[in-house]
Number of protein chains: 2
Amino acid sequence: MGTLRIMEDEVDRLIEAWRRERPDLDVAPMEVLSRVSRLARHLDRARSQAFDTHGLESWEFDVLAALRRAGTPYQLSPGKLLKETLVTSGTMTNRVDRLTARGLVERLPDPHDRRGVLVQLTPAGRDKVDAAMADLLTHERALLGGLSDDDQQKIARVLRELVRPFDLEKH
Amino acid sequence: MGTLRIMEDEVDRLIEAWRRERPDLDVAPMEVLSRVSRLARHLDRARSQAFDTHGLESWEFDVLAALRRAGTPYQLSPGKLLKETLVTSGTMTNRVDRLTARGLVERLPDPHDRRGVLVQLTPAGRDKVDAAMADLLTHERALLGGLSDDDQQKIARVLRELVRPFDLEKH
DNA sequence: CATTTTTATCTTGACGTCGAGATACTCTAG
DNA sequence: CTAGAGTATCTCGACGTCAAGATAAAAATG
């Protein structure tokens with residue numbers, strides 16, 4: 001019986017180089033974490049491509065999706081939005097400005113707090129984000145195509161364990 | 001016997017919201033891919049923190065590490081460097097400028113091609129990247145702490161399968 | 001009530017990246 | 001040998017983000 005040939009990827013190349021140069025280090029963590037980082041980068045690009053079809057940028061989708069998830073009437077304050085999307089307030093002001101210019105959201109005064117503003121999805125914005133989301137999921141399903149349902153569940157469980165410490169530590 | 005309680009993370013929250021708002025969509029891919037993206041973002045921040053100790057920025061480490069991996073005499077052309085670090089040429093020029101100003105690399109003329117330049121690690125640059133790499137791995141090991149070796153190998157194998165299509169598609 | 005602290009959003013300037021174009025040199029074909 | 005194509009690097013203007021600070025309103029304190 002022959003050895004099972006496992007195909008290499010870029011991270012294998014990376015790790016091999018480090019092992020050669022620094023045999024004193026235990027580079028095992030890279031097997032998991034470097035792959036997570038690289039996969040995420042690839043996913044970002046794939047996402048951008050999927051959104052191109054809809055004339056949307058990734059950052060636009062992020063904002064619209066947060067509003068869409070909030071449910072009717074699809075309103076969220078800028079403060080809530082920046083917590084959801086993990087950007088700073090200056091960035092969010094800029095994003096809402098541009099989305100408003102494109103007619104995908106609008107700014108309303110918060111009736112309960114005169115400092116506040118509510119950002120609301122327009123019907124056009126809702127249509128766009130709904131179409132983009134469906135498309136995104138189709139693409140993502142394709143990327144996972146090779147994986148059995150069982151593998152997907154296993155990896156999801158492990159990833160949840162890895163992410164949780166980060167989700168807990170904040171605020 | 002009671003139900004095994006699986007703790008929730010932010011992605012569970014996200015998925016739940018989408019299921020509520022769009023029960024027509026199959027959002028299963030998010031279980032894996034959203035977690036990969038979020039984990040990667042957290043890892044970036046953890047990396048930055050680990051490098052802070054050494055007075056290094058993440059982008060600086062990326063360049064120095066590529067040179068370090070190349071082995072003696074720690075030289076790489078800007079072209080090779082930008083393939084390794086996945087940035088554009090304008091960005092690499094800027095990065096090399098700043099690393100040169102910090103005394104961590106130097107620019108040498110390529111003896112075989114007068115258009116070319118070789119970027120070389122200085123001794124100070126090598127010391128910095130070696131220390132930072134050791135530290136980074138220590139931190140990463142801690143992040144993986146909870147995972148059994150078996151789980152680590154399993155997830156690494158699955159991640160490799162997910163990344164490989166991307167690694168292949170680019171010539 | 002008046003004062004202070006906190007909260008919510010926007011403004012601004014600095015910075016890093018991108019990407020198109022410029023420049024200089026090398027390689028290939030005839 | 002020369003013209004044209006290809007390659008390596010740098011230049012530069014546009015853009016998005018960040019982070020500190022400004023402004024305004026609300027909440028807490030006495």
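Values computed for the structure shown
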| read-out | value |
| --- | --- |
| Sequence-separation-based contact order of chain A, relative, with Cα cut under 8 Å and 6+ spacing, percent | 17 |
| Other-chain or far-sequence residues with amide H under 5 Å of B:Val117's (modelled H) | B:Asp110 |
| Residue among A:Ala156, A:Thr93, A:Phe51 farthest towards the positive dipole end of chain A, charges placed on Cβ | A:Thr93 |
| Accessible area of the range A:99-171 belonging to carbon and sulfur atoms, whole % at 1.4 Å probe | 51 |
| Translational diffusion of the range B:58-144, µm² s⁻¹ [Kirkwood Rh, Cα pairs; Stokes-Einstein; 20 °C; 1.002 mPa s] | 161 |
| Net charge of neighbours whose Cβ lies under 14 Å from the Cβ of A:Gly145, counting Lys and Arg as +1 and Asp and Glu as -1 | -3 |
| B/A buried area, accessible surface, summed, 1.4 Å probe, Å² | 6700 |
| Aspartates and glutamates with Cα under 16 Å of A:Lys128, excluding same-chain neighbours fewer than 8 positions away | A:Asp52, A:Glu57, A:Glu60, A:Asp62, A:Glu106, B:Glu21 |
| Formal net charge of residues neighbouring A:Ser58 (Cβ-Cβ distance under 12 Å; K, R +1; D, E -1) | -2 |
| Computed magnitude of the charge dipole of chain A (debye, nearest 20; Cβ of K, R +1, Cβ of D, E -1) | 520 |
| Theoretical FRET efficiency, 1/(1+(r/R0)^6), r = Cβ-Cβ of B:Asp127 and B:Lys83, R0 22 Å, to 0.05 | 0.30 |
| Environment charge of A:Gly116, counting only residues whose C-beta is closer than 14 Å and scoring Lys/Arg +1, Asp/Glu -1 | +2 |
| Å² of accessible area per residue within the range B:88-138, as computed with a 1.4 Å probe and no ligands counted | 56 |
| Positive-end residue of A:Met7, B:Val119, B:Ala28, charge dipole of the protein assembly as shown with Cβ unit charges | B:Val119 |
| Whole-Hz couplings from phi, Karplus 6.51/-1.76/1.60, listed for the range B:72-87; x for Gly and Pro | 3, x, 6, 10, 8, 6, x, x, 4, 4, 6, 5, 5, 9, 6, 10 |
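The values are calculated or read from the model by the stated rules, or taken from the named source; none is laboratory data. Computed from a predicted structure; not experimentally measured. Neighbour counts run over all protein chains shown; Cβ positions are idealised from the backbone, glycine included. Just the protein is used for accessible areas: all its heavy atoms, side chains included, with ligands, DNA and RNA removed. Shrake-Rupley method; radii C 1.70, N 1.55, O 1.52, S 1.80 Å.
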